[in-house]
Amino acid sequence: MSAVTDETAPRAGRDAGRPVVTIRDLAVSFATDAGSVRAVDGVDLEVAPGEVLAVVGESGSGKTVTAKTILGLLPSTATARGAVVLTNKDGTAEHDVVALRGDRLRQVRGTDVAMVFQEPSAALNPVFTVGWQIAEGLRAHGKVGKREARRRAIDVLRRVGIPDPEKRVDHYPHQFSGGQKQRIIIAMALVLDPGLIVADEPTTALDVTVQAEILDLLRRCRDEFGTAIVLITHNMGVVADLADRVAVMYQGKVVEQAPAHELFAAPQADYTRKLLESVPRVGEGIARAEVRASARDAGWDAAQPVVAAERLTITYPGRLRKPGFTAVSDVSLAIRPGEVLGLVGESGSGKTTFARAVAGLTRVTGGSLRVLGVEMNGVKERELRPVRPRIGFVFQDPATSFNPLLTIADCVAEPLVVHGRASSPEEARGRVDELLEAVQLPRSYGDRFPHELSGGQRQRASLARALALDPELLVADEPTSALDVSVQARVLELFAELQRELGFASLFVSHDLAVVDLLSDRIAVLYRGQLVEEGTGAEVLGNPREEYTKRLLASLPVPDPIAQAERREELRALRGA
Amino acid sequence: MVAETTVATGTSVLPPAALPSRGSRWKRLPVVHQLRQSVGLQRGMLVAGLVITGIFVLTAALAPWLAPYGYSQLRDADGAFGAQQPPSAEHLLGTTVGGYDVLSRVIWGAQTALLVIVVAILASIVLGVLLGLLSGYFGGWLDRLLVVLADAIYAFPSLLLAILMAIVISGGQSSMWGGILAAAFSITVVFVPQYFRVTRAEVVRIKGEAFVDSARVLGTSHGRIMFRHVLRNATRTLPLIVTLNASEAILTLAGLGFLGFGIEPTKAAEWGYDLNKAVSDVTSGIWWTALFPGLAIVLVVLGITLVGESLNDLADPRLRSRRAAAEVSGEVAETSVVPGGTLTAGPGGLDAIEGAGSRSDVLAAAPARPDPDAIAPDDATAAGPAAPARGTPDDASTDETEDRR
């Protein structure tokens with residue numbers, strides 16, 4: 001059990017041959033209100049010691065359910081068939097997790113297999129120190145003295161790269177950043193030295209730059225601890241970066257299984273091929289932006305901008321004598337008619353605040369922001385009202401941006417009714433049908449309720465609603481970040497197509513450089529509320545001037561294992577510099 | 001402009017079969033829907049509660065035909081009933097110390113109880129929900145004032161408040177409707193804060209939802225946002241509180257009657273009053289005067305509480321029990337966006353989606369797809385649509401404190 005401190009045997013079990021987990025003909029059904037539903041259907045998988053197996057697929061493909069079965073974490077509504085045979089790290093014992101119950105199952109968890117969760121802040125208990133939480137795993141599996149537990153907690157924290165672990169071990173989760181919290185979760189998984197770690201979307205909640213660090217750490221888990229990893233993800237870049245072998249799941253079945261470099265180079269299954277095609281890559285949009293730029297008239301530059309921010313500052317008021325929080329500070333940029341400005345940044349960079357201010361949802365506190373000729377600093381709702389129909393807004397989460405009690409047709413008709421273009425939703429139906437067709441939704445979908453549509457369909461309906469009044473400016477706040485890659489690709493295509501035909505100006509906010517690149521004429525990079533860099537796609541992505549932009553760009557994993565390995569080196573050099 | 005982009009598609013109208021079947025309106029009514037949804041013990045509880053409540057309502061409605069005598073009748077053709085007569089053929093449950101027929105008083109009492117419940121709950125819903133909507137939506141000083149007021153009302157023992165209100169409203173004298181209204185309004189005062197808090201907490205939550213923002217971006221007026229977008233989404237938890245409050249209302253009414261602030265026996269029958277008059281009988285071996293009104297109270301409260309509690313459990317996907325899938329069964333869910341063709345039906349235009357006949361088959365299959373959330377139960381439980389349905393007053397007050405912090 002001292003393997004945590006024992007560095008002499010890296011990748012010890014790698015050639016032992018015996019797989020750490022073998023999944024045979026696994027099928028899982030859930031009892032739901034609508035009868036039983038099969039989520040996993042005859043899955044066979046094997047993970048060798050010290051191997052990283054990535055399970056990819058769109059949401060609902062059964063990848064998370066498969067992963068949870070390995071830990072016996074299925075809810076009581078689930079019924080499983082088949083076998084999930086876990087072998088411990090020494091290869092001395094085998095357990096079929098599907099058949100295990102109670103205490104026996106508890107013994108396997110933690111020692112043979114551990115889990116890393118998606119949302120690090122939710123997986124840590126806020127009222128205990130991280131040291132205590134790491135030690136709890138040790139206490140659950142055998143008698144460990146207080147001092148010994150602490151020593152091992154400090155040790156494992158050091159090894160996952162928490163600086164100053166002797167002091168930090170007594171800190172509470174809120175005193176760590178998001179990336180550090182994920183490191184602590186990984187430390188908790190590693191402390192019992194399991195043969196297998198199941199990582200369910202371990203980097204989805206993190207920013208790109210932090211994601212790169214966590215992926216490095218997971219790679220070290222494999223190399224130094226000899227731990228096998230089952231990586232659940234929908235991000236092909238992450239797969240390319242970390243995985244040795246990839247299993248592609250689609251509708252509960254594994255459609256393809258291959259070593260990573262083979263899968264990316266020569267995908268066999270139809271589905272895999274199309275999945276890879278739909279992953280946006282940086283650099284694809286530059287040519288398109290140039291075509292658009294060349295088609296513009298000479299005097300276009302001189303036209304009055306649709307949005308003009310001049311030293312714009314937005315501060316959220318602080319509470320009780322605490323200073324306010326400045327979300328956007330001193331930002332100056334402009335969007336001219338018919339132009340798509342992509343706004344990128346990490347979480348907390350102020351990009352959403354900026355978009356909301358443009359739509360008049362957040363008050364401007366300093367500087368000047370002119371939207372369609374109206375000064376937003378100190379604007380009254382009454383002055384804003386005539387401009388409202390000229391601005392469309394697409395929200396991030398299509399699930400919440402529709403009133404769940406109105407049909408899609410009613411929702412899309414709402415702007416028409418509110419602005420007096422139609423007296424009732426029924427009267428607006430003709431126009432609504434046109435709009436639905438414009439976003440490639442069948443007319444009959446208008447009679448459905450939002451929850452009866454999938455995410456991508458809802459986001460298209462959301463686009464229809466935003467375009468209902470023929471706006472001159474469309475603000476899109478992370479419109480595709482809640483969608484699967486394959487769906488995202490189609491929504492982005494649609495967006496580009498509509499923009500080309502209708503010619504609206506757009507502020508397109510995203511955390512994903514590749515997505516922004518695909519659509520934008522110009523790209524602006526925000527960092528901690530400040531504008532770091534602005535320019536055309538070729539300028540910003542092709543030849544970034546600022547250190548931060550370079551790091552952001554290098555952190556973005558590309559869906560190609562060989563290219564990604566090179567980029568990893570580049571990033572390491574950048575970090576060292 | 002959009003019209004130009006749309007391809008002329010005569011095939012776009014799908015056959016009616018493609019429309020999702022949402023079940024008849026009847027099946028989606030609050031209680032009926034839950035009854036169909038429930039299984040096992042939960043179903044037993046709900047059915048028992050519904051049966052008891054049903055008997056109560058029927059008794060109340062049919063009291064004039066069911067009761068052998070009037071509620072204030074002391075004599076019939078054969079002369080006076082006599083006080084404290086034991087159960088007999090003429091008086092199945094005996095007579096009270098005042099000489100009333102116990103069975104008749106119990107039956108007529110159901111009517112009084114039902115009227116009080118209905119009036120009290122209607123009044124408190126209308127007031128509480130409206131105030132909660134205004135307070136939650138606009139916030140500011142009005143919100144603070146109303147919250148403090150609600151807190152202040154909470155601080156009073158509810159029965160004391162009800163007594164005060166009964167005196168203020170009825171002014172000491174009580175006719176049947178006067179008594180019923182007095183009792184109902186005094187209960188209303190106690191309940192309004194509950195509806196207010198629950199509605200306000202829901203409204204504050206919904207106000208932050210993206211669809212309200214999206215209405216604001218359109219320039220929708222406050223009134224329209226409040227009633228069309230917010231209110232309709234904020235009423236989900238109300239049926240639950242109504243059933244739970246209904247049983248509390250009966251207890252409050254009985255308490256008022258027992259303490260002598262109820263309705264005069266000559267104006268209407270009231271269980272609490274009868275219990276009060278039966279106090280001295282119990283020690284002298286006269287059991288029938290106290291037992292039956294008491295039993296009526298217990299049964300009705302039990303019935304309504306059973307309904308309320310089961311609705312509470314059924315509304316929460318985490319507490320709802322389902323028929324276990326005996327073995328691995330069921331269809332693989334169509335979780336793809338355009339099933340079988342997420343990627344093939346490219347953005348090439350409408351034809352790609354609905355041009356071919358096969359495509360409309362696919363769409364027809366789509367509605368059968370169960371809610372995607374249901375397939376990933378971890379998500380469903382975390383953010384199940386009915387999760388906020390636990391919004392009992394306690395929950396509301398936790399929301400409250402978080403909100404204030």
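Within segment B:87-135, the set of residues being farther than 18 Å from B:Thr266 by Cα and among the polar types (S, T, N, Q) comprises B:Ser88, B:Ser124, B:Ser135. Scanning segment A:215-260 for residues that are hydroxyl-bearing (Ser, Thr, Tyr) and either surrounded by fewer than 24 Cβ atoms within 10 Å (Cβ to Cβ) or part of a strand (DSSP E or B) (or both) returns A:Thr233, A:Tyr250.
Taking the stated definitions as given, is A:Ala357 part of a strand (DSSP E or B) and at pLDDT 85 or above? Here the answer is no, as A:Ala357 does not meet what is asked. Within 11 Å of chain B (Cβ to nearest Cβ) and either surrounded by fewer than 21 Cβ atoms within 10 Å (Cβ to Cβ) or in a loop (DSSP other than H, G, I, E, B) (or both): is that true of A:Leu435 in this structure? Here the answer is no, as A:Leu435 does not meet what is asked.
With respect to (1) at the interface with another protein chain (Cβ under 8 Å from one of its Cβ atoms); (2) touching a residue at least 40 places away in the same chain (Cβ under 8 Å); (3) over 21 Å from A:Thr313 (Cα atoms); (4) not charged (D, E, K, R), the lone exception for A:Pro442 is condition (2). Within segment A:475-495, restricting attention to residues that are within 11 Å of chain B (Cβ to nearest Cβ) and part of a strand (DSSP E or B), the residue that is modelled with the highest pLDDT is A:Val475. Does A:Ala399 meet the test of being more than 8 Å from chain B (Cβ to nearest Cβ), crowded, with 17+ Cβ neighbours inside 10 Å and touching a residue at least 40 places away in the same chain (Cβ under 8 Å)? For A:Ala399, the condition - more than 8 Å from chain B (Cβ to nearest Cβ), crowded, with 17+ Cβ neighbours inside 10 Å and touching a residue at least 40 places away in the same chain (Cβ under 8 Å) - is met.
B:Phe227 meets the conditions (1) of a type in the set (Phe, Trp, Tyr); (2) surrounded by fewer than 20 Cβ atoms within 10 Å (Cβ to Cβ); (3) not in a helix (DSSP H, G or I) in every case but one. The failed one is (3).
B:Val298 satisfies every condition listed in (1) away from every other protein chain (no Cβ under 14 Å); (2) modelled with pLDDT under 85; (3) out of contact with any helix residue (DSSP H, G or I) (no Cβ under 6 Å at 6 or more places or on another chain) except (2). Being free of Cβ contacts under 8 Å to residues at least 12 places away in the same chain and either among the hydroxyl-bearing types (Ser, Thr, Tyr) or buried (at least 24 other Cβ atoms within 10 Å of the Cβ) (or both), is that true of even one residue in segment B:188-209? Scanning segment B:188-209 turns up no residue that is free of Cβ contacts under 8 Å to residues at least 12 places away in the same chain and either among the hydroxyl-bearing types (Ser, Thr, Tyr) or buried (at least 24 other Cβ atoms within 10 Å of the Cβ) (or both). Here A:Leu276 qualifies as under 23 Å from the mean Cα position of the chain (by Cα), under 20 Å from A:Gly57 (Cβ atoms) and touching a residue at least 24 places away in the same chain (Cβ under 8 Å). Of the candidates A:Ala258, A:Ala228, A:Ala247, A:Ala293, the single residue that is aliphatic (A, V, I, L, M), in contact (Cβ under 8 Å) with a residue 40 or more places away in the chain and either within 14 Å of chain B (Cβ to nearest Cβ) or touching a Pro at 6+ places or on another chain (Cβ under 9 Å) (or both) is A:Ala228. In segment A:556-566, which residues are touching a Leu at 6+ places or on another chain (Cβ under 8 Å) and farther than 22 Å from A:Leu341 by Cβ? Hits for segment A:556-566 are A:Pro557, A:Pro559.
Suppose the filter is farther than 30 Å from B:Asn245 by Cα and either in contact with a Lys or Arg (Cβ under 7 Å, 6 or more places away or on another chain) or modelled with pLDDT of 90 or more (or both); does B:Val97 pass it? So B:Val97 fits the description; yes.
Listed residues B:Ala215, B:Ala152, B:Ala201, B:Ala210; which is farther than 30 Å from B:Glu264 by Cα and modelled with pLDDT of 90 or more? Testing whether each residue is farther than 30 Å from B:Glu264 by Cα and modelled with pLDDT of 90 or more leaves just B:Ala201. Set side by side, the residues B:Gly128, B:Gly140 differ, and just one is modelled with pLDDT of 90 or more and closer than 30 Å to B:Arg205 by Cα, which is B:Gly128. Residues in segment A:31-57 that are facing chain B (nearest Cβ under 10 Å) and in contact with a Pro (Cβ under 6 Å, 6 or more places away or on another chain): 3 in all.
If you go through segment A:91-119 and keep only what is touching a residue at least 40 places away in the same chain (Cβ under 8 Å) and either farther than 26 Å from A:Lys181 by Cβ or within 14 Å of chain B (Cβ to nearest Cβ) (or both), you end up with A:Gly91, A:Val98, A:Met115, A:Phe117, A:Gln118, A:Glu119.
Each residue in segment A:27-36 was checked for being surrounded by fewer than 24 Cβ atoms within 10 Å (Cβ to Cβ) and out of contact with any Lys or Arg (no Cβ under 6 Å at 6 or more places or on another chain), and 5 of them qualify.
When A:Gly430, A:Gly378 are checked against the criterion of being part of a loop (DSSP other than H, G, I, E, B) and either buried (at least 21 other Cβ atoms within 10 Å of the Cβ) or more than 9 Å from chain B (Cβ to nearest Cβ) (or both), a single residue qualifies: A:Gly378. Screening A:Ala308 with (1) more than 30 Å from A:Ser177 (Cβ to Cβ); (2) not in a strand (DSSP E or B) gives one miss only, at (2). If you check A:Gly537, A:Gly542, A:Gly503, A:Gly455 for being at positive phi, of a type in the set (Gly, Ala, Ser) and either within 14 Å of chain B (Cβ to nearest Cβ) or in contact (Cβ under 8 Å) with a residue 60 or more places away in the chain (or both), only one passes: A:Gly503.
Looking across segment A:450-461 at every residue that is over 20 Å from the mean Cα position of the chain (by Cα) and assigned to a helix (DSSP H, G or I), the one that is surrounded by the fewest Cβ atoms within 10 Å (Cβ to Cβ) is identified as A:His451. Filtered by the rule that a residue be farther than 21 Å from A:Arg356 by Cα and of a type in the set (Val, Ile, Thr), segment A:493-539 gives a lone residue, A:Thr536.
The values are calculated or read from the model by the stated rules, or taken from the named source; none is laboratory data. All of these numbers come straight from a predicted model, not from anything done at the bench. Positions of Cβ are backbone-derived with ideal geometry, glycine not excepted, and every protein chain shown enters the neighbour counts.
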